[in-house]
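Asks: Below is the structure I would like to discuss, written out as structure tokens.
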Amino acid sequence: MNILHITSRKVWVEATRSGEYTPQSLVSGGFIHCSTTMQALPVAEKYYEGQKGLLLLVIEPARLTAKLRWEAPSDGVFPPGVPVGDAFPHIYGPLNLDAVIQALDFQLDVNGKYALPPALKSNH
């Protein structure tokens, strides 16, 4: 099962130029926050409300060079819509770019809510 990471297009473009993705969450919290397809919309609504210019990075865990752990949310609070007890994927180290198999536009719909890109809807 692939995992997802929400980021801005600007940050992702910078990563592709530098050859490594090291978001602020890795620096400040020690890991990169990711989600499953089922968790992505609730996470987006809680942490990215109304933001534009976002991407969903589709990550193939088998390609990761950093350690992947499945854990409770770092703040201990499950976003509305995510079952209590669900584990979230966390990447403990920089994200190697070859583990990202797709970078999909993550846009707001006409009601101002995030919608999964068509490429992921069949998995939801």
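Asks: Considering G76, G53, which residue is surrounded by fewer than 16 Cβ atoms within 10 Å (Cβ to Cβ) and at pLDDT 90 or above?
Replies: The unique qualifying residue is G53.
Asks: Would a scan of the stretch 38-46 turn up a residue that is over 27 Å from D109 (Cα atoms) and modelled with pLDDT of 95 or more?
Replies: No, the conditions are met nowhere in the stretch 38-46.
Asks: Of S25, S18, which residue is out of contact with any strand residue (DSSP E or B) (no Cβ under 8 Å at 6 or more places or on another chain) and modelled with pLDDT under 95?
Replies: The conditions single out S18.
Asks: Would you call I101 surrounded by fewer than 12 Cβ atoms within 10 Å (Cβ to Cβ) and under 15 Å from C34 (Cβ atoms)?
Replies: Yes; evaluated as a whole, the condition is true for this residue.
Asks: Also, I was wondering about something else. Exactly one of (1) of a type in the set (A, V, I, L, M, F, W, C); (2) within 24 Å of Y114 (Cα to Cα); (3) touching a residue at least 12 places away in the same chain (Cβ under 8 Å) is unmet by L68. Its number?
Replies: (2)
Asks: Could you please give the count of residues in the stretch 88-117 that are hydrophobic (A, V, I, L, M, F, W, C) and farther than 17 Å from K46 by Cβ?
Replies: Summing the residues that are hydrophobic (A, V, I, L, M, F, W, C) and farther than 17 Å from K46 by Cβ in the stretch 88-117 gives 9.
Asks: Ok, one more. For the stretch 104-124, which positions are crowded, with 18+ Cβ neighbours inside 10 Å and either modelled with pLDDT of 90 or more or under 18 Å from V11 (Cβ atoms) (or both)?
Replies: F106, Y114, L116
The values are calculated or read from the model by the stated rules, or taken from the named source; none is laboratory data. What you see is a predicted model, and the numbers here were worked out from it, not measured in a lab. Counting neighbours? That spans all protein chains shown, and the Cβs are built from the backbone with ideal geometry, glycine included.
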